[in-house]
Amino acid sequence: MINAILRAFGLDRDDLGKLLPFASLAFLLQTGLSIGMSAGDALFVSGAGAANLPYIYMATAGAMLIYTPTMAYVSGRFGADGALTLALLVLTASGVLVWTGLSNTDILPPLVAQGLPYLVRLYSAIWFIGLYTLYWNFVDDYFDIQDGKRLFALLSAGTALGGITGGTIVNTIAEHLPVATLYLLWAALALATLPLLLTIKRRWPQLSEHADLDAGETGHKTLAAIGEGLRSSRYIPMVVGVFLLSLLMGNINEFQYLSVFAQGRDETDLARLFGELYGTASALTLVINLFVFNRLVLRLGVRSVALIVPSAYMLVFSFYFADFGLGPALLGFMLLQGVVPAIDFNNFNFLFNAIDEKYRKQVRTVVEGLCEPFVTAFAGVALLLLRNDLSPEQLSAVAMLLALALILLVLALRGSYRQSMVANLRHGWLDFGREHSPARDEQELQSLRRLAADPVVPEDVQISALDMLIQPGQWLTTDLKLLLQFIDGASPRGQVEAQRLLRRVLADGAGRQLLHLADDPSRAALWSRPAMVAEFGAHYLLDRGRIEGLHQRLAEPDMAAAAVIALWNSSDPDHCRTALTRLSELRKGDEQERLAAVQALGRLGEERFAHLIIDFLTDAAPEVRHGALVALHEMGPLKTLHLTEHILSAIRRASPETRAVGIAVLTSANDPTVLLPLLELADLLTPFERRALEKAAAGLGKAAIPTLVRVLRDRQYGFGSRAVAARTLARLSATQFAAATRGLAAAELRHAYTAEQNQQLVPTLDGSTGCMMLRRVYHDQQQDCLELTLLLVSLGGGLPNFELLVASLGSDNPKVRANALEALEQAADHTVFSLIRGLVNVSASQERRQRHASSAPATAPGDFFRRALESEMPLEAAAAAQALRDLEGERALPALRGRMRQGRSDLTQQTVLDLLHLESSSLRLTPVAKLAALSNCDLFQSSPLRDLLTIVAASEQCEIDETSLFEPGERADNLFLILRGAAILTHPDGSKTEHLSPSLIGMEALHRPRYESEAFMADGEVLVIPAQVILAAAQAYPRLATRLFQQRVAA
């Protein structure tokens, strides 16, 4: 029964334990407020008359000038909990004083006695404003926005129950006890609330979006923070405007219905009437809070719910305009005291939540503590001035115009709300998405020049500084001198980098100026630098004497490429013949000479030489292979399309730096057929390379769209491939992107729910690597589907990049997670958002898993594995093949042979092939088994399996027999994952430690050139993993990079 009730309200038992104390706190506070407001209204209307209500509005503003700074100081000094504690103590003491004064009016001076109705109404109004703000500031420290959407309405239900209880109490005792006694009862309730408040503070920790917020801002700092927020955000003035205009509407409404109620009633009648009305309004608030509001806000969203009350005001004032009588007055009272607290008050909590946390509490305190009473005072002054000039009907017409203005302002607020939530997500995260703007500040320019001129600074830093200084059309002579100075002292690698800059500035028309600077006798050594000779020669800026002098330097390895380039571009045919002869010799020379050959071939720019460069793509030296791709890139757009497969083959086994060049070469051909094989490689690429691929693919134009749509919608392709396709398609055509992704996000999320169910249904098989990995595959599929959905939503909904959303949803801070979900709700349709929320909700996910486990159909393990074996997703099929072999042994071979078919995935094919020859082969670990070994290692546990595939492909299984795995001083090339046996590690200080499976040893290879310790193994097996492969994988996969960084910091 209890579980059914909890499900009806979207709660679980953990929610209930936290909800009840906070709702009880709201109940006690509102019971007291209801009693106090009923007493104050009764005493004021009977003693002073409703016509004098505007004076209360103005006096409230003055009183809040004292109250608000005081509470702002207390909140800044002691926090929201300390401020609420102090307020309850003051309320207790002041309530006794008010009761004493009202009970002894006969001994008070006549002027004071006459002013008591005003004082008690003012007293009630101050606490009505103050306790509301203090309570919700207090609650905001303990709940995030997603919890708020489920629970705030129920907290307000506690408020509504308090209103009902307070109204019932007033209605019951009003005829038997003096009205003054109600203030004593209010003080007693405030005192009884304190133990509950202290219990809450001890029991639950406070939440905060940022741990470094200054909690001590007070006084002028508070106002300064608000001023900064108003300048930096469109949203803050809009939400403040909506709040204050709504308040003004409420004041006019209150004036109208009190004018009707005051006719023909005395103090006792009014107390009884207000008791009944407050009780009824509170019952209405309770019903809305329990059964309506949370469903409204979850279905319509915060922005749409904000339109309900303004529309209701428009309706009520229309009734006032048509018939100024008891019926519209009752509707107006129920709107202000029943509907507004249930809908508007709750929804304003969410609207205020979208304000940056740096300003949120200050804005709320000042708006509710100062702006609210001043708007009320403004209403009072206006009503005093206009009450004799405007009839009630005319005042209602003015209010209708104000209601229309409020509706328009809320419509404008809708767009700013989403932008503010997105801006909140970005706080605390580094933003690498902003475009680089060249340095133009003089101080920054001088800093860059100092870096470029300092020979102690690393060359790559000097090159970066020069790159920022020498922008097309914006270079200065001073910067050209710095470039020549760098070239004069640069290493061979620095010469290559400088040559790129020199080429750019020469193409920008600086040839004569550079030539003049280089001809300075003090810079004579420049003409012996390869970068100068190559680029000046390629731009026909070398005189005959300097060209003739190059014949003697053709034999120098560092100068060979530059000399060939300069001689080739000479006008003398003999020089060209000499260049070709030397080029042929370089092609057959050692590594340095072959590198010079490809550098020269690329800079010559002759398309007919492309086939000569292709030969070097398979060179044994990585530097030469990289140089060959750079040479092809320098030749300009690729015109010989039959070279594509050679370049693709080189990219697959290249380093990240080399891959980026290869991608640029292929896409320069402007041939859409190269896009599909490039997208298939996307999972291997670093984020930088993926961005480059996106840009290059977008350069293909509309011809790329069919391939992009195919890859995006096909799950056989990896996440990286689909992500690049999605980004590129969104860049090329928003219409095509919308058409291609229609229904895709929901389909991906439903697949995630299916994977979650399959994870629970994987049969348990002791010792089965396949079963373990199949569960892990289904776990990773859920994350992949979620991340692709977030990417689609961010691209289609104007949200920040999906990496930020993923990081925010995975944050340890519940408020950050909740804000991410709120931002998603503004961009995703209701179906997609509901699926996302269910997937990331931990308690809902646990409940589904339990349900899957208890209601699992009776499926034979073999049937389950055979179904997974036919999956279109390579990792799932490979893990299922391993599991089926583990389960059935040789009986599984026919099914495995049936899976051998032509396809894109090497993983599934290789796993099946290894399993088919398991008994006859010396190979003991299939790719899936290697994945299992890696995923059990601490370094790789947090990485998705897809991120480990390149490491699996490069790793090698070895048997060890009385061997040292590595020794001190030996080159640190590999790490060793222990599969079987034990390794004894001797540390530099002489201490020894024993390492068992699945320990990973040799970690110093990741950050040192040589081992400092020794590892000996008597008997066992290890998986040898090249360190460079792990480092390259870390460049492509953020989770692995983060884990490496954590381990490095911990060490």
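The values are calculated or read from the model by the stated rules, or taken from the named source; none is laboratory data. Every value quoted in this text rests on a predicted model; they were computed, and no experiment measured them. Every residue, glycine among them, receives a Cβ derived from its backbone with ideal geometry; neighbour counts consider all protein chains shown.
Listing for the model above:
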{"item": "Qualifying position, being outside any loop (DSSP other than H, G, I, E, B), within 16 Å of Val952 (Cα to Cα) and among the polar types (S, T, N, Q), among Gln1035, Gln1047, Gln1028", "result": "Gln1028"}
{"item": "Helices (runs of 4 or more DSSP H) within the stretch 856-901 that include 3 or more residues assigned by TED's automatic domain parsing to the domain that holds Leu915 and surrounded by 21 or more Cβ atoms within 10 Å (Cβ to Cβ)", "result": "861-869, 874-888"}
{"item": "Selection within the stretch 451-468 - outside any loop (DSSP other than H, G, I, E, B), surrounded by 12 or more Cβ atoms within 10 Å (Cβ to Cβ) and either of a type outside the set (A, V, I, L, M, F, W, C) or modelled with pLDDT under 85 (or both)", "result": "Glu459, Gln462, Ser464, Asp467"}
{"item": "Pairs with Cβ under 7 Å, 6+ apart, first in the stretch 832-853 and within 15 Å of Ala755 (Cβ to Cβ), second at pLDDT below 70", "result": "Gly838/Ala844"}
{"item": "Test for Leu480: is it surrounded by 13 or more Cβ atoms within 10 Å (Cβ to Cβ) and not in a helix (DSSP H, G or I)", "result": "no"}
{"item": "Failed condition for Arg750, given (1) under 20 Å from Ala880 (Cα atoms); (2) of a type in the set (D, E, K, R); (3) assigned to a helix (DSSP H, G or I); (4) more than 22 Å from the chain's Cα centre (by Cα)", "result": "(1)"}
{"item": "Flag if Tyr320 is among the aromatic types (Phe, Trp, Tyr), farther than 26 Å from Arg418 by Cα and in the same structural domain as Tyr417 (by TED's automatic domain parsing)", "result": "yes"}
{"item": "Subset of the stretch 960-980 [part of a strand (DSSP E or B) and either under 44 Å from the mean Cα position of the chain (by Cα) or aromatic (Phe, Trp, Tyr) (or both)]", "result": "Leu965, Phe966, Arg971, Asn974, Leu975, Phe976, Leu977, Ile978, Leu979, Arg980"}
{"item": "Test: Leu1023 is of a type outside the set (Ser, Thr, Tyr), part of a strand (DSSP E or B) and either modelled with pLDDT of 90 or more or under 27 Å from His779 (Cα atoms) (or both)", "result": "yes"}
{"item": "Count - residues of the stretch 489-519 that are at pLDDT below 85 and touching a Lys or Arg at 6+ places or on another chain (Cβ under 7 Å)", "result": "1"}
{"item": "Selection from the stretch 1010-1030 of residues that are touching a helix residue (DSSP H, G or I) at 6+ places or on another chain (Cβ under 9 Å) and crowded, with 17+ Cβ neighbours inside 10 Å", "result": "Tyr1011, Ser1013, Leu1023, Ile1025, Ala1027, Val1029, Ile1030"}
{"item": "Any hit, the stretch 147-155, residues being among the acidic types (Asp, Glu), under 24 Å from Ala26 (Cα atoms), crowded, with 21+ Cβ neighbours inside 10 Å and at pLDDT below 85", "result": "no"}
{"item": "Yes/no for Leu86 being without any contact (Cβ under 8 Å) to a residue 60 or more places away in the chain, assigned to a helix (DSSP H, G or I) and within 26 Å of Val363 (Cβ to Cβ)", "result": "yes"}
{"item": "Of all residues in the stretch 295-325 being without any contact (Cβ under 8 Å) to a residue 12 or more places away in the chain and farther than 25 Å from Arg150 by Cβ, the one that is nearest to the chain's Cα centre (by Cα)", "result": "Leu315"}
{"item": "Test for Glu645: is it of a type in the set (Asp, Glu), under 19 Å from Ala1032 (Cβ atoms) and either in the same structural domain as Arg503 (by TED's automatic domain parsing) or out of contact with any strand residue (DSSP E or B) (no Cβ under 8 Å at 6 or more places or on another chain) (or both)", "result": "no"}
{"item": "Test: Thr68 is under 17 Å from Leu25 (Cβ atoms), in the same structural domain as Leu244 (by TED's automatic domain parsing) and buried (at least 16 other Cβ atoms within 10 Å of the Cβ)", "result": "no"}
{"item": "Residue pairs meeting the criteria (Cβ under 7 Å; at least 6 apart or on separate chains; first assigned by TED's automatic domain parsing to the domain that holds Val630 and on the phi < 0 side of the Ramachandran plot, in the stretch 479-504; second of a type in the set (Asp, Glu) and at pLDDT below 85)", "result": "Pro492/Asp558; Gln499/Glu535; Leu502/Glu535; Arg503/Glu535"}
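Residues checked against (1) touching a Ser or Thr at 6+ places or on another chain (Cβ under 9 Å); (2) over 30 Å from Pro117 (Cα atoms); (3) modelled with pLDDT of 85 or more:
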site: Val242; (1), (2), (3): no, yes, yes
site: Met249; (1), (2), (3): no, no, yes
site: Phe261; (1), (2), (3): no, no, no
site: Arg272; (1), (2), (3): no, no, no
site: Tyr278; (1), (2), (3): yes, no, no
site: Leu300; (1), (2), (3): no, yes, no
site: Ala306; (1), (2), (3): no, yes, yes
site: Pro310; (1), (2), (3): yes, yes, yes
site: Tyr313; (1), (2), (3): yes, no, yes
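Listed here are the residues, each with its yes/no results for (1) in contact (Cβ under 8 Å) with a residue 24 or more places away in the chain; (2) touching a helix residue (DSSP H, G or I) at 6+ places or on another chain (Cβ under 7 Å).
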| site | (1), (2) |
| --- | --- |
| Phe976 | yes, no |
| Ala983 | yes, no |
| Asp989 | no, no |
| His995 | no, no |
| Glu1004 | yes, no |
| Ala1032 | yes, yes |
| Pro1038 | yes, no |
| Leu1044 | yes, yes |
